[in-house]
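J.: Below is the structure I would like to discuss, written out as structure tokens.
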Amino acid sequence: MSPQTLSSTLDALKTTGSVFGIFLSKGENLIFQDAPFSDERISELATTLDDIALYFVQEKRSPDQLSFGFDGGNLLVLIEGEHRLAVFFHHSGEVDLLAEFARAFMKDFATSVLIEGQPGGGQEERGRQQGRPNGNTARIAAQARGPIDPTSPIQPVR
């Protein structure tokens with residue numbers, strides 16, 4: 001996935017509902033970051049999320065999604081191999097919708113990583129798809145621009 005496609009897709013996800021920040025990491029290394037926190041805090045969180053994922057692996061458990069509430073918001077974390085997508089949002093009732101959009105992004109991202117990782121693979125496709133979302137990613141971008149219809153009344157986080 002090209003940097004332009006990655007950025008545009010995650011920016012579209014950021015406009016969904018009450019999302020106020022997002023980052024994508026591989027292990028402890030940040031790939032994309034657009035959150036209202038310092039780079040040091042995001043790097044520290046990426047390290048912590050990597051430690052949490054490692055803990056689950058050691059316990060022979062493999063969650064693909066975690067959600068946390070904290071003072072001032074919520075955090076949704078999707079785990080796909082070594083990659084973690086973290087989404088900061090305000091309204092806890094949006095977690096399922098955000099998880100659906102984020103999961104679609106992670107599937108497209110994982111597929112692109114596999115294709116680009118194969119010798120000679122993906123070069124022609126990358127040339128055709130440069131800067132254009134595809135598959136589930138296009139659906140995310142289209143739905144993210146529409147209004148959000150919450151399934152339950154939105155309550156302020158306390």
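J.: Just the residues that are open to solvent by less than 40 Å² (accessible area, probe 1.4 Å) and among the aromatic types (Phe, Trp, Tyr), please, taken from the range 21-55. If you could, list the steps in order and put the result at the bottom.
T.: Taking the range 21-55 first, the residues open to solvent by less than 40 Å² (accessible area, probe 1.4 Å) are 21-25, 27, 32, 35, 42, 46, 49-50, 53.
Once the filter is applied, which keeps residues that are open to solvent by less than 40 Å² (accessible area, probe 1.4 Å) and among the aromatic types (Phe, Trp, Tyr), the range 21-55 yields PHE23, PHE32.
J.: Are there any pairs with C-beta distances below 8 angstrom linking a residue in the range 53-82 that is among the aromatic types (Phe, Trp, Tyr) to a residue that is assigned to a loop (DSSP other than H, G, I, E, B), with the two at least 6 apart or on different chains, and if so which?
T.: Going by the 8 Å Cβ cut-off, the qualifying pairs are PHE56/SER62; PHE56/PRO63.
J.: Mind telling me which of the residues LEU76, LEU98 ends up being buried (at least 21 other Cβ atoms within 10 Å of the Cβ), modelled with pLDDT of 90 or more, touching a helix residue (DSSP H, G or I) at 6+ places or on another chain (Cβ under 9 Å) and not in a strand (DSSP E or B)?
T.: LEU98
J.: Can you tell me which residue among SER43, SER7 is at pLDDT 90 or above and not aliphatic (A, V, I, L, M)?
T.: SER43
J.: Can you tell me how many residues within the range 61-73 are open to solvent by 60 Å² or more (accessible area, probe 1.4 Å) and over 15 Å from the mean Cα position of the chain (by Cα)? Steps first, answer last, please.
T.: Step one: filter the range 61-73 for residues open to solvent by 60 Å² or more (accessible area, probe 1.4 Å), giving 61-62, 64-65, 67-71.
Pick out the ones that are also over 15 Å from the mean Cα position of the chain (by Cα) and you get 61-62, 69-71.
Going through the range 61-73 one residue at a time, the tally reaches 5.
The values are calculated or read from the model by the stated rules, or taken from the named source; none is laboratory data. Please read all numbers here as calculations on a predicted model, not as lab measurements. Backbone-built Cβ (ideal geometry, glycine too); neighbour counts: all protein chains shown. Ligands, DNA and RNA are excluded from the accessible area calculation, which covers all protein heavy atoms including side chains. Shrake-Rupley method; radii C 1.70, N 1.55, O 1.52, S 1.80 Å.
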